Amino acid sequence: MKLIDLAAIDHNDKSAADITNAVCEELGFDYASYATMNPVKGDIQGYANYPDEWKIHYGSHGFHRFDPTLYKSALSIAPVDWARFEKDDKFNTMFRDAHDFGITSRGLTVPVRGPYGECGLLNVTRDCSDEEWEKLKRHVMGDLQLAAVQAHDTVMQSGLLAKALYLPALSTREKEILQWVAEGKSQQDIGDILSISHRTVEVHMRSGREKLGALTTPQAIGRAIGLGLIAPG
């Protein structure tokens with residue numbers, strides 16, 4: 001599992017980073033970040049306007065492997081106030097260090113469900129009183145949800161996410177064969193349709209499974225559909 005900074009990828013359009021910055025400037029938050037997880041490999045990638053020192057510390061200590069603002073928020077379809085998280089050892093370890101970098105544990109995550117099985121997460125923080133926090137949430141929740149969708153759509157449309165996700169580069173033949181399998185055809189049927197031997201069909205199927213990180217052909221089919229590489233049968 002890797003932590004990938006999308007801002008480090010060479011691309012002219014950094015508008016998703018602009019959105020996270022605007023969330024802070026216009027809605028009154030201290031810091032904001034956008035992240036998404038690779039549905040196949042589990043890699044984390046995104047933008048954050050946290051101090052560089054904290055981003056380096058976060059990555060070097062592997063906090064992305066258990067960060068509750070990522071993993072617990074990804075289980076929800078509604079915005080998640082970090083106050084709901086269990087204050088266990090992992091939470092306390094991460095936010096004890098975060099406080100040393102001027103980052104509060106008072107925050108909110110807005111999840112966004114994407115078309116490829118990925119979950120986008122917009123995180124925001126603000127160091128303020130309980131009363132100010134509740135008032136801020138009521139005032140900006142609609143804007144935050146819109147910003148989360150805009151950030152996710154921007155990254156998807158830019159092609160940065162696909163590049164960062166290292167989506168499996170299936171060959172035309174591999175996709176063709178998986179498509180026929182999805183439609184219920186046997187190896188012999190596919191061989192007859194494509195005028196190749198059923199053993200050649202198996203070679204391409206095995207290669208497709210390996211590229212998709214799947215143990216079985218049905219699992220490969222499910223992942224290929226989820227990633228938009230083939231259509232449902």
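The values are calculated or read from the model by the stated rules, or taken from the named source; none is laboratory data. Just so it is clear, the structure is predicted and the values come from calculations on it, not from any experiment. Methodologically, a virtual Cβ is constructed for each residue, glycine included, from the backbone with ideal geometry; neighbour enumeration extends over all protein chains shown. Just the protein is used for accessible areas: all its heavy atoms, side chains included, with ligands, DNA and RNA removed. Shrake-Rupley method; radii C 1.70, N 1.55, O 1.52, S 1.80 Å.
Here are a few things to note about the model shown:
- Of the residues making up segment 176-233, just one is assigned to a loop (DSSP other than H, G, I, E, B), more than 25 Å from the chain's Cα centre (by Cα) and within 24 Å of residue 114 (Cβ to Cβ), namely 233.
- Condition met for residue 112 (touching a His at 6+ places or on another chain (Cβ under 9 Å), within 28 Å of residue 224 (Cβ to Cβ), in contact (Cβ under 8 Å) with a residue 12 or more places away in the chain and not in a loop (DSSP other than H, G, I, E, B)): yes
- Remark: pairs (first residue in segment 174-190, surrounded by fewer than 17 Cβ atoms within 10 Å (Cβ to Cβ); second residue among the acidic types (Asp, Glu); Cβ separation under 8 Å; 6+ apart in sequence or on different chains) are absent.
- Among the residues making up segment 105-150, a single one is over 17 Å from residue 20 (Cβ atoms), surrounded by 15 or more Cβ atoms within 10 Å (Cβ to Cβ) and of a type in the set (S, T, N, Q): 105.
- Contacts under 6 angstrom Cβ, first residue in segment 215-229 being farther than 10 Å from residue 182 by Cβ and touching a residue at least 40 places away in the same chain (Cβ under 8 Å), partner of a type in the set (D, E, K, R) and open to solvent by 30 Å² or more (accessible area, probe 1.4 Å), 6 or more apart: 229/175
- Filter result (modelled with pLDDT of 90 or more and surrounded by 18 or more Cβ atoms within 10 Å (Cβ to Cβ)) within segment 21-47: 23, 29, 31, 32, 33, 34
- Across segment 115-154, the number of residues qualifying as more than 30 Å from residue 223 (Cα to Cα), touching a strand residue (DSSP E or B) at 6+ places or on another chain (Cβ under 9 Å) and part of a loop (DSSP other than H, G, I, E, B) comes to 1.
- Test for residue 127: is it of a type outside the set (A, V, I, L, M) and closer than 16 Å to residue 30 by Cβ: yes
- When residues of segment 90-109 are limited to those that are among the aromatic types (Phe, Trp, Tyr) and in a helix (DSSP H, G or I), the one farthest from residue 58 (Cα to Cα): 91
- Flag set for residue 87, criterion: open to solvent by 40 Å² or more (accessible area, probe 1.4 Å) and not in a helix (DSSP H, G or I).
- Residues (over 24 Å from residue 132 (Cβ atoms) and more than 22 Å from the chain's Cα centre (by Cα)) located in segment 66-91: 86, 88, 89
- Pairs meeting the criteria (first residue in segment 71-86 and in contact (Cβ under 8 Å) with a residue 24 or more places away in the chain, second residue in a helix (DSSP H, G or I) and surrounded by fewer than 17 Cβ atoms within 10 Å (Cβ to Cβ), beta carbons under 8 Å, at least 6 apart or on different chains) are 79/141; 79/145; 81/137.
- Extreme residue, most open to solvent (accessible area, probe 1.4 Å), among residues of segment 71-84 that are small (Gly, Ala, Ser) and in a helix (DSSP H, G or I): 83
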